[in-house]
Each structure stands twice: as structure tokens, then as C-alpha cells.
1. Given C-alpha coordinates of region 11-159, what is the ratio Rg to Rh with the Kirkwood estimate of Rh?
2. Grab the other residues whose beta carbon is less than 11 angstrom from that of Gly14, score K and R as +1, D and E as -1, and report the net.
3. Share of region 165-216's accessible area from carbon and sulfur, percent, 1.4 Å?
4. How large is the translational diffusion coefficient of region 3-78 in µm² per second when you combine the Kirkwood radius over alpha carbon pairs with Stokes-Einstein at 37 °C and 0.692 mPa s?
5. Using Cα pairs closer than 8 Å and at least 6 residues apart in sequence, work out the relative contact order for the chain, in percent.
6. Quick one: Kirkwood hydrodynamic radius for the chain, alpha-carbon pairs, angstrom, one decimal?
7. For region 165-255, place one equal point scatterer on every Cα, skip the solvent, and apply the Debye formula. What is log10 of I(q)/I(0) at q = 0.12, 0.17, 0.18, 0.21 Å⁻¹?
8. For Ser203, what is the net charge nearby, where nearby means another residue's Cβ is under 11 Å from its Cβ and Lys, Arg count +1, Asp, Glu -1?
Amino acid sequence: MGVLAGAEPFSHPGSSGAGFLLCHGFTATPDGMRAWGRHLADEGFAVRCPLLPGHGTHWREANRTTWQDWYGCVREALLALRAECDQVFVGGMSMGGTLTLRLAEEFGSDISGLVLVNPSVTRLSLDAKVLPLLSRVVPSIRAIGNDIAKPGEVELAYPRTPVRAAASLARLWKIVRADLAMVTQPVLLLHSRVDHVVEPENSQIVLDGISSTDVIEVVLENSFHVATQDYDAELIFSRSVDFARQPRAGQVGAG
């Protein structure tokens, strides 16, 4: 099945020796990360944002994939970026934040820092608890995309939520939560005060569970879940650049 227009992966060459891997969210596409990627590229960072398997086509395709497929995709992109750059940061939104945390748990100091935007590590609502059973009988439920406060902004995301894929995401959440203490890298965590998709408890679980000592928390006052396309987008972009350029012991300068 062909990739939807605008959902294509993207990459930019860099000039600073530092790179950013960007990870998009569940049922979403690189389109929601594109402006962030352009901003980073304009600041001299090499950028890669892959299209996760089962995304950017039809929601039924997502039901044929698992978290291992999505993680394998971003892992491969990280290895490619590390081969090009002296210093690599990883940024992710929503499930992209979940994948970012898993990369941090595996790769340790090979990743110089994490930028998490409304990361997800659990779902407190009842539908998440019944996902394994629901996935056997119902292929999809209502969409989770387009939680944006800014008028006129539209997220390129599936019109339905694939349940089998969502059940696999729930399994990834459990694995990531269990290993949060393995995260030691510097972390910039930005989360929306009002988020209709990922409950605020998610960011608190991350902050309480990681072992990082260099942690910056930023509350996004004017955006909903898809904050990279919302009122606080420019704040996210500028803070991620400042974060990556902050001098740290043992790191090569990022421009």
C-alpha cells in the first residue's frame, strides 16, 4: 500500500557534527515532526525521521506490525546517524517518546540526550486495560489523532486506532517502565498541561523512574497533545536546540 502524501520519512545533512533522530507517534507520521526537523537542520544538526512500519498508509497495515517492528526501525536509524555524527540526540513525541526511552535504555551513553514531548508509558483509561481482549474481536476504535488547540492545524494521522497494534504498544509501555532506571542521559521533557490523549501521570512516571541527574521539565501551557504542531511548537524547537548545545563534560560541542 502506498505511503500517503506528506507521510514520507525525511532527513537533512548537518554541519555541526551533531545529529537528531526524531521519532513520531502512534498512528501518526513524520509530517508532525517535519517543522521540528527543519528547525534543527537550520541550526546545523543532521536529522533523520523514519516512517514507522505500518504507519502512513492505512490503519489496517498497523495491525500487521508490532512494537518490535517500530523499535527496529528507529534503532536502525540511530545506528546510521551515529555512524555520521560525533554526538547524537533523540527526540520523540507520544509513542515516539516511548521508543526514545527504549533506545536510551539500550544504548546508554552512546546517546547524548533525550528530548521527550508528551511521552507515553501507560494509559489509565479502561480501554487500555481491555486492549488484549478487544484486539481479538475489534480491529479498530475511535481515532486519537488531531488533539491540537491551534485552529487550522491538522495532524496527518489515521482516522481509526488499530487495536491489535495498540495492544502491542501497551506491551512496550510495560517493558519501558520496568527499565526506566537505566535511563541516565540528560533529559529535556516537555509536556502539555492539557492533553486529551496522554494523561499527565505519564510524564511524572518518567521523571520519577529515570536515573538522569540532568533533567529539565517544561510545561507547555498553550498546546494539546500534538504539541509540535500547536502553539508551543517554536518553544519546543528552540529549547531542544538550547538543550543540545548546553556544554556537558565529555561531549563534543554541537555548534
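The values are calculated or read from the model by the stated rules, or taken from the named source; none is laboratory data. Everything numeric here is computed off the predicted structure, so don't read it as measured data. Cβ atoms come from the backbone with ideal geometry, glycine included; neighbour counts cover every protein chain shown. Protein only, heavy atoms only, side chains kept; ligands, DNA and RNA dropped before computing areas. Shrake-Rupley method; radii C 1.70, N 1.55, O 1.52, S 1.80 Å.
1. On the way: Rg = 15.9 Å, Rh = 16.1 Å.
On the Cα set of region 11-159, Rg over Rh gives 0.99.
2. On the way: positive: Arg48; negative: Asp42, Glu43, Glu84, Asp86.
Around Gly14, the charge tally is -3.
3. Numbers: 1250 of 2230 Å².
Roughly 56 percent of what the probe reaches on region 165-216 is carbon or sulfur.
4. Details: Rh = 12.7 Å.
Translational D for this selection: 259 µm²/s.
5. Numbers: 565 pairs, mean separation 53.4, N = 255.
The normalised contact order for the chain reaches 21 percent.
6. Working: mean 1/r = 0.0559 Å⁻¹.
After inverting the mean inverse Cα-Cα distance, the result is 17.9 Å.
7. -0.46, -0.89, -0.97, -1.17
8. Details: positive: Arg193; negative: Asp195, Glu199, Glu201, Asp208, Glu217.
Local net charge: -4.
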